[in-house]
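Q: Got a structure for you, questions after.
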Amino acid sequence: MPPLLIGRDAIIDDFEEGLDDGPGAPGRLMRVTGARGVGKTVILTEFGRIAKARKWEVIDETASEGLAQRLLNRLAPDKPSVNLSLKPSVSIAGLGGISLGEASVSSKQMPLTLRAAMGQRLDALERKNAGLLVTIDEAQAADRSDMVAIATAVQHLIREERNIAFVFAGLPSIASKWLNDEVLTFLRRAQAEQLGDIPLQDVRDAFEDTFEDSGIAIEGKALDMAAKATEGYPFMIQLVGYHIWRIAYRRSRNIDSKKPDAITVTEQDTEQGIANALSRLGDAVHGPELDGLSPIDKTYLLAMAQDDGPSSTSTVAERMGKDVAYANIYRTRLIDAQVIKDMGYGKVDFAIPYLRQYLREHAAYIRMNSSGTSL
């Protein structure tokens, strides 16, 4: 967790008010989206801290195979192991014919559904004026059957005005993957929060305060360099701050004389910290982001990387050896995934900081592994 959650006051306030305002408050049902590295997991962790401070129980999960089963086992750990399966979709009376799906559990002993398990846990929590928060990270990777089971359970509990909150987070693709699914229409009601970059002045102030609190001063040109290098990208803020702090702290420990009363970050500390942060950014963000793209998506990005600034979409198509209509298929996909952004006037630019630099440095390897040509 970063020392300061800068630039996220509005979403945090919405969630806190949701808990305090009671069942049915918008902040209790929320979806958080954004590109890799914008702080989605950090926000979920902060939500958990806020809920626990109010004596709520918090269940955090990351979407992967068996998600609903894990939730069920955590809610009812003393029950025999059960297997969660999904029955065909059904129409729920009173909901305008919305098809929701029905979760069922088979067990040799007593039947137990996810909805019943949550309800039983809430019975105990509500007697203590507390509630239950469930957070799901990387929701775009969830199995459909798991999302149907969870959404169905949460929907019924919200209708019953139970003390429950549900927040799911993921890449922007969750909007097209889940919200357009007729069985998951309930999730469209979730308050949408899209995380973006942080204003550089906020970054500068946060660096100054956080370093000062740790007994290290950063000021002047070193502070300006550090803030500018982040480009307001939350993960880069964490990386730059950490690596500069570590270098300055280690340097202070190597001083032969008595440890100085105050340690000041030098420009050399800052330059080295930024270089280390960029290396880590490539491994943690750029590489995984490209791994999730198609070969032609990567070809589009490599064509963009030849420019020092925003790229003309017609020029990108020409470099790809394709017509504009064909190239626009991948332009749209990459914008939806928040890898690139529309700059207007037929231009696009990279949405993820330093991706252009990474593509240039790894162009030969990417081309070698991106030879596909089909849609």
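The values are calculated or read from the model by the stated rules, or taken from the named source; none is laboratory data. Note that the coordinates shown come from a computational prediction; the quantities given were computed from them, not determined experimentally. Please note: Cβ atoms are built from the backbone with ideal geometry, for glycine as well, and neighbour counts cover all protein chains shown. Please note that ligands, DNA and RNA were not included when accessible areas were found on the heavy atoms of the full protein model with its side chains. Shrake-Rupley method; radii C 1.70, N 1.55, O 1.52, S 1.80 Å.
Q: Hey, residue 95 hits all of (1) at pLDDT 75 or above; (2) open to solvent by 20 Å² or more (accessible area, probe 1.4 Å) but one; which does it fall short on?
A: Only one criterion in (1) at pLDDT 75 or above; (2) open to solvent by 20 Å² or more (accessible area, probe 1.4 Å) is unmet by residue 95, namely (1).
Q: When the residues of the stretch 147-189 are narrowed to those that are outside any loop (DSSP other than H, G, I, E, B) and hydroxyl-bearing (Ser, Thr, Tyr), which ends up farthest from residue 293 (Cα to Cα)?
A: Per the stated criteria, the residue is 152.
Q: Okay, next question. Taking the condition of being closer than 30 Å to residue 277 by Cα and not in a loop (DSSP other than H, G, I, E, B), how many residues in the stretch 25-49 meet it?
A: 13
Q: Has the stretch 189-203 got any residue that is open to solvent by 60 Å² or more (accessible area, probe 1.4 Å), closer than 30 Å to residue 223 by Cβ and of a type in the set (S, T, N, Q)?
A: Looking for residues that are open to solvent by 60 Å² or more (accessible area, probe 1.4 Å), closer than 30 Å to residue 223 by Cβ and of a type in the set (S, T, N, Q), one finds at least one in the stretch 189-203, hence yes.
Q: Moving on. Grab the helices (runs of 4 or more DSSP H) fully contained in the stretch 257-356, keeping just those with 3 or more residues being modelled with pLDDT under 95 and not charged (D, E, K, R).
A: 287-291, 324-336
Q: Okay, next question. Taking the stated definitions as given, is residue 209 part of a helix (DSSP H, G or I), surrounded by fewer than 18 Cβ atoms within 10 Å (Cβ to Cβ) and touching a helix residue (DSSP H, G or I) at 6+ places or on another chain (Cβ under 9 Å)?
A: no
Q: Which one of these does residue 348 not meet: (1) surrounded by 19 or more Cβ atoms within 10 Å (Cβ to Cβ); (2) among the aliphatic types (A, V, I, L, M); (3) more than 26 Å from residue 176 (Cα to Cα)?
A: (3)
Q: On the basis of being in contact (Cβ under 8 Å) with a residue 12 or more places away in the chain, over 30 Å from residue 214 (Cα atoms) and open to solvent by 40 Å² or more (accessible area, probe 1.4 Å), does residue 331 make the cut?
A: In short, yes.
Q: Would you mind stating whether residue 226 is in contact with a His (Cβ under 6 Å, 6 or more places away or on another chain), under 30 Å from residue 363 (Cα atoms) and buried (at least 16 other Cβ atoms within 10 Å of the Cβ)?
A: Answer is no for this residue.
Q: While we're on this one: Could you tell me which residue of the stretch 24-44 is farthest from residue 168 (Cα to Cα), considering only residues that are surrounded by fewer than 17 Cβ atoms within 10 Å (Cβ to Cβ) and touching a residue at least 24 places away in the same chain (Cβ under 8 Å)?
A: 24
Q: Here's something else I'd like to know. Does the stretch 294-333 hold any residues that are under 11 Å from residue 356 (Cα atoms) and within 27 Å of the chain's Cα centre (by Cα), and which are they?
A: Across the stretch 294-333, the qualifying residues are 301, 302, 304, 305, 309, 310.
Q: Same structure, new question: Across the stretch 50-87, what is the total count of residues that are among the small types (Gly, Ala, Ser), outside any loop (DSSP other than H, G, I, E, B) and at pLDDT below 95?
A: 2
Q: A further question follows. Against the definition (β-branched (Val, Ile, Thr) and either in contact with a helix residue (DSSP H, G or I) (Cβ under 7 Å, 6 or more places away or on another chain) or buried (at least 19 other Cβ atoms within 10 Å of the Cβ) (or both)), how does residue 266 come out, yes or no?
A: Against the criterion (β-branched (Val, Ile, Thr) and either in contact with a helix residue (DSSP H, G or I) (Cβ under 7 Å, 6 or more places away or on another chain) or buried (at least 19 other Cβ atoms within 10 Å of the Cβ) (or both)), residue 266 qualifies.
Conditions tested, residue by residue: (1) open to solvent by less than 60 Å² (accessible area, probe 1.4 Å); (2) aromatic (Phe, Trp, Tyr).
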site	(1), (2)
277	yes, no
281	yes, no
284	yes, no
303	yes, no
336	no, no
365	no, yes
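Q: Looking at (1) open to solvent by 20 Å² or more (accessible area, probe 1.4 Å); (2) in contact with a Lys or Arg (Cβ under 7 Å, 6 or more places away or on another chain), find the lone condition where residue 180 falls short.
A: Among (1) open to solvent by 20 Å² or more (accessible area, probe 1.4 Å); (2) in contact with a Lys or Arg (Cβ under 7 Å, 6 or more places away or on another chain), residue 180 violates only (2).
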